[in-house]
Amino acid sequence: MPVNIPELTLASASPSSSDSDTGGASPPPRKKQRVSAAEGAGEPEASGTAGLSAAAGELATFPHTPTAPVSYHFHRNLVRDISRYIMQSNGEGQGQNQELPCLNNAQNGESSSAGAAHSNGLIPSANNGTTISTNNGIPAGTTAGSASASPATGSGSDVGSTMKKKKRLSPSEEDVIRLIGQHLRGLGLNQTVDLLMQESGCRLEHPAATKFRNHVMEGEWDKAESDLNELKALMHSPSAIVRMKFLLLQQKYLEYLEDGKVLEALQVLRGELTPLKYNTERIHVLSGYLMCSHAEDLRAKAEWEGKGASSRCRLLDKLQTYLPPSVMLPPRRLQTLLRQAVELQRDRCLYHNTKLDSSLDSVSLLLDHVCSRKQFPCYTQQILTEHCNEVWFCKFSNDGTKLATGSKDTTVIIWQVDPETHQLKLLRTLEGHAYGVSYLAWSPDDTYLIACGPDDCSELWLWNVQTGELRTKMSQSHEDSLTSVAWNPDGKRFVTGGQRGQFYQCDLDGNLLDSWEGVRVQCLWCLSDGRTVLASDTHQRIRGYNFEDLTDRNIVQEDHPIMSFTVSENGRLALLNVATQGVHLWDLQDRVLVRKYQGVTQGFYTIHSCFGGHNEDFIASGSEDHKVYIWHKRSELPIAELTGHTRTVNCVSWNPVLPGLMASASDDGTVRVWGPAPFLDMQDVEGVSENSCTMDS
């Protein structure tokens, strides 16, 4: 490696130095300078050209003034030492950082060594403040490593590129990149998508799929149909080509019709769609569109958005279902996955009690969904004390605006629910139930309310809630026991019965329409079909009775007495309070026991539980241990135990319209209204949950 050592200008420490006075360079200063250079070369990061810089620094600091003659032998020895140093450096220090020591020296102000350490031979002169430039013309301010690094950079970068080979992406990582790319393309960031695909080495979709997509969106139906032949080899089910072709031709046909090209549309119908011999019923429907007088009529009858990007996007969504995702991603796949994740988190949230919003704009994707327990109806909002004896039953109206409570004190009280504050106010009192009121049932339109008494009561009262007038007081026989009632969905009939074997169907005036003999009824419910009546009896079962064809069948069989039951709004599930067992959930359609809920104390008292909350996701029940228990429908363990009553809680009712409002009736003579915490801070509203499962109110 040839080394060019130009004539250098000495950066003298001081014009009045001893060396200048003596006119020569004494050995001690030279040794001191050599030690300094060696120290610079011996830095931990120094190697290669850095060592050469140190040696050059030594040469630069050697006096070269006319008054300081230098011996020829000294120059020859110094050049030899530098050459040997270069060879050692090239053999030992390639690829290492050669710039850092010089930069460090420059920062520390070591002008004598750092200033001379430039490999391009540029030495700053302290005598006149100027810099002597060598033949290469590089400015003297260039750092030591900037010029010297260039020969070694090639080998260093080769090593770096070898060390930094592109990591091979896993299939899941490729999927994520494709999903991101699809979403970005949907936002119109096409250049970003192209860069992402190029840098990752992934492919958003198969080129044949891209070509097919473009032809569909541009309405080039012949080309799109031709693309199907190329896609056929990529499909798991090549037979789906016929269905895809049918969808293409259908869009083509409709667009011709909208444009008024009836002959072209007729040719598509006869010459292209019909020969496919696929979905002939749909072809008949399509042929009827030929009679449409104008485009609006066509769009209305075909339930079609018309020619344009919107209908073609919908067409692509349908076409994609026949293609594997490796060829073309399902439409808006990332949004779909995010929406599913949000819904799953909501489903797993034990306290989620609000309407589900399918829009991603309503939630934050940066945080997991968690509902605070303080937003759940676990806190006493009101204590109603107007009854003067045990309260046996309570029931919200179907529209959620009223609450009816029945008591041993022979009265029924109707409460009005304030839609803003959710506070209850006494609306009217219905009196005259000599045996007390143990059961209440609202008519489907909430116009009427039927009240039943305990086991020894043979009477039934039908009240007009709006006027407070008694419409019917029914009693078939003094030996009857009318303890339960259920409305037919038509609101014109009801069924009633008791444990002494009576089971009647009556009209609003109390006239007997049908009867079923020998059935000891504990509780009743009418299904939405208007024909089937469910009745629990003294044989620990629930049977279905059809008053039209007088047939019955067994649906539920328990091992212990069924004290009461209620049915979900969709008629699929039944909630049973079983003596000594607690609360059981049954699937009426499959006739299987789904779940046994734990915690509640249930003896032989009649306790009424209920479904409630948004989408009836929750279950609530009173208990003989003076508590109200709440479960999520999926969980056997209670998510809340509400205290406050001092005697058995006989009945719980959840407002069907206001999911955050619930009422409970107790033998302590009070009705408690439950709601969210009265004061919610922002942290609670944003969804920081508590771990506690018990609420003392």
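In region 353-362, is there at least one residue being touching a Leu at 6+ places or on another chain (Cβ under 9 Å), open to solvent by 40 Å² or more (accessible area, probe 1.4 Å), under 30 Å from residue 637 (Cβ atoms) and among the acidic types (Asp, Glu)?
no
For region 408-426, name all the residues that are closer than 20 Å to residue 674 by Cβ, more than 37 Å from the chain's Cα centre (by Cα) and in contact (Cβ under 8 Å) with a residue 24 or more places away in the chain.
413, 414, 415, 426, listed by residue number.
Looking only at residues that are free of Cβ contacts under 8 Å to residues at least 60 places away in the same chain and assigned to a loop (DSSP other than H, G, I, E, B) in region 437-453, which one is most open to solvent (accessible area, probe 1.4 Å)?
So, considering only residues that are free of Cβ contacts under 8 Å to residues at least 60 places away in the same chain and assigned to a loop (DSSP other than H, G, I, E, B), the one most open to solvent (accessible area, probe 1.4 Å) is 445.
Within region 592-615, which residues are part of a loop (DSSP other than H, G, I, E, B) and surrounded by 13 or more Cβ atoms within 10 Å (Cβ to Cβ)?
If the condition is that a residue be part of a loop (DSSP other than H, G, I, E, B) and surrounded by 13 or more Cβ atoms within 10 Å (Cβ to Cβ), then 598, 599, 600, 601, 602, 605, 606, 607, 609, 613 are the ones that fit.
Identify, from the list 267, 198, 250, the residue that is under 30 Å from residue 338 (Cα atoms) and part of a helix (DSSP H, G or I).
None of the other options fit; the residue is 198.
Restricting attention to region 222-243, which residues are within 16 Å of residue 210 (Cβ to Cβ) and surrounded by 17 or more Cβ atoms within 10 Å (Cβ to Cβ)?
Result: 224, 227, 228, 231.
Out of all the residues in region 286-304, is one or more within 29 Å of residue 180 (Cβ to Cβ) and either out of contact with any helix residue (DSSP H, G or I) (no Cβ under 8 Å at 6 or more places or on another chain) or open to solvent by less than 40 Å² (accessible area, probe 1.4 Å) (or both)?
Within region 286-304, not a single residue is within 29 Å of residue 180 (Cβ to Cβ) and either out of contact with any helix residue (DSSP H, G or I) (no Cβ under 8 Å at 6 or more places or on another chain) or open to solvent by less than 40 Å² (accessible area, probe 1.4 Å) (or both).
Counting only residues that are touching a Leu at 6+ places or on another chain (Cβ under 8 Å) and of a type in the set (Ser, Thr, Tyr), which one in region 647-677 is farthest from residue 619 (Cα to Cα)?
670
Tell me, yes or no, whether region 337-351 has at least one residue that is open to solvent by less than 50 Å² (accessible area, probe 1.4 Å), touching a residue at least 60 places away in the same chain (Cβ under 8 Å) and touching a helix residue (DSSP H, G or I) at 6+ places or on another chain (Cβ under 8 Å).
Yes, region 337-351 contains a residue that is open to solvent by less than 50 Å² (accessible area, probe 1.4 Å), touching a residue at least 60 places away in the same chain (Cβ under 8 Å) and touching a helix residue (DSSP H, G or I) at 6+ places or on another chain (Cβ under 8 Å).
May I ask you to list the residues in region 242-271 that are more than 16 Å from residue 298 (Cα to Cα) and either in contact (Cβ under 8 Å) with a residue 60 or more places away in the chain or basic (Lys, Arg) (or both)?
243, 244, 245, 247, 248, 270
For residue 481, work out the one condition from (1) open to solvent by less than 10 Å² (accessible area, probe 1.4 Å); (2) part of a strand (DSSP E or B); (3) of a type in the set (Ser, Thr, Tyr); (4) farther than 14 Å from residue 441 by Cα it doesn't fulfil.
(2)
When residues of region 195-221 are filtered for being more than 29 Å from residue 246 (Cβ to Cβ) and loosely packed, with under 14 Cβ neighbours inside 10 Å, how many remain?
So the answer is 4.
What strands (runs of 3 or more DSSP E) lie completely within region 397-436 and have 2 or more residues being of a type in the set (Asp, Glu)?
none
The values are calculated or read from the model by the stated rules, or taken from the named source; none is laboratory data. Quick caveat, the model's predicted, so the values are computed rather than measured. A quick note on method: Cβ atoms are made from the backbone with ideal geometry, for glycine too, and the neighbour counts reach across all protein chains shown. Each accessible area value is taken on the protein alone, full model and side chains, heavy atoms only, with ligands, DNA and RNA left out. Shrake-Rupley method; radii C 1.70, N 1.55, O 1.52, S 1.80 Å.
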